[in-house]
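Q: Input: one structure, supplied below.
Values quoted throughout were computed directly from the atomic coordinates according to the rules given, and no laboratory measurement underlies them. Being a predicted model, the structure only gives us computed values, none of them experimental. As a convention, Cβ positions derive from the backbone with ideal geometry for all residues, glycine included, and neighbour counts pool all protein chains shown.
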Amino acid sequence: MIFRYSLVVKYLLSRPKHFATIRLWNYREGEIVKLKLILNHRVVAEGRAKILRVHDYSLDILQKYLQYSGFEKVEEWINAARELKVSSNRSKVIFGELLELHDKLGSLPR
């Protein structure tokens, strides 16, 4: 699972216990995924996460998981998803648990 949107990458670099993201790829609950965080075309961190929940895309679900997204408003999250071309009726809202994250530059916040 690759993250490139700077606001979300910075949120994940703060090492939250949980995160939420909008994806077109169909993840399975319980699945362990590899994470790659990219800023300015550079991999800044890698790690692993466990997929806890997979929901169909809806405004109610986005509102429920907003606090785990890195965004302050649902509208910002939707706009970012549109910019990244993952906002559609086929999209899923993924809720996951960050298991580990290792910085690749040696100077990222812990």
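Q: According to the Cα gyration tensor, what semi-axes, each the square root of 5 times an eigenvalue, does the equivalent ellipsoid of the chain have, listed from largest to smallest in whole Å? Write out the running numbers ahead of the final one.
A: Working: eigenvalues 93, 47, 31 Å².
Computed over the chain, the values are 22, 15, 12 Å.
Q: Let me ask something additional. Just Gly47, Gly70, Gly96 to compare: in a GNM of the chain, with alpha carbon springs under 10 Å, which one fluctuates most?
A: Gly47
Q: Counting only helical runs of four or more DSSP H residues, what would the 222 nm mean residue ellipticity of the chain come to if each run contributes -39,500 (n - 2.57) and the total is spread over all its residues? Before the final figure, lay out each step's value.
A: Numbers: 3 runs with 25 residues, N = 110.
About -6000 deg cm²/dmol.
Q: Within 10 Å, Cβ to Cβ, of Lys36, how many net charges do the neighbouring residues add up to if Lys/Arg are +1 and Asp/Glu are -1? Walk me through the numbers on the way to the answer.
A: Working: positive: Arg4, Lys34, Lys104; negative: Glu46.
Taking every Cβ under 10 Å from that of Lys36, the sum is +2.
Q: Checking the cross-link filter: which aspartates and glutamates have an alpha carbon closer than 19 Å to that of Lys104, excluding same-chain neighbours under 8 positions apart?
A: Glu46
Q: Taking loop as defined by DSSP and a crowding limit of 13 other beta carbons within 10 Å, which chymotrypsin sites (Phe, Trp or Tyr not before Pro) in region 1-105 fit?
A: Numbers: sites: Phe3, Tyr5, Tyr11, Phe19, Trp25, Tyr27, Tyr57, Tyr65, Tyr68, Phe71, Trp77, Phe95; in loops: Tyr5, Trp25, Tyr27, Tyr57, Phe71.
In loop regions of region 1-105 (DSSP not H, G, I, E or B), the sparsely surrounded chymotrypsin sites (Phe, Trp or Tyr not before Pro) are Trp25.
Q: Now for a separate question. What residues from region 8-38 fall in the zone where the backbone N is under 16 Å from a label point 7 Å along the Cα-to-C-beta line of Leu66?
A: Hits in region 8-38 for Leu66 at 16 Å: 20-22.
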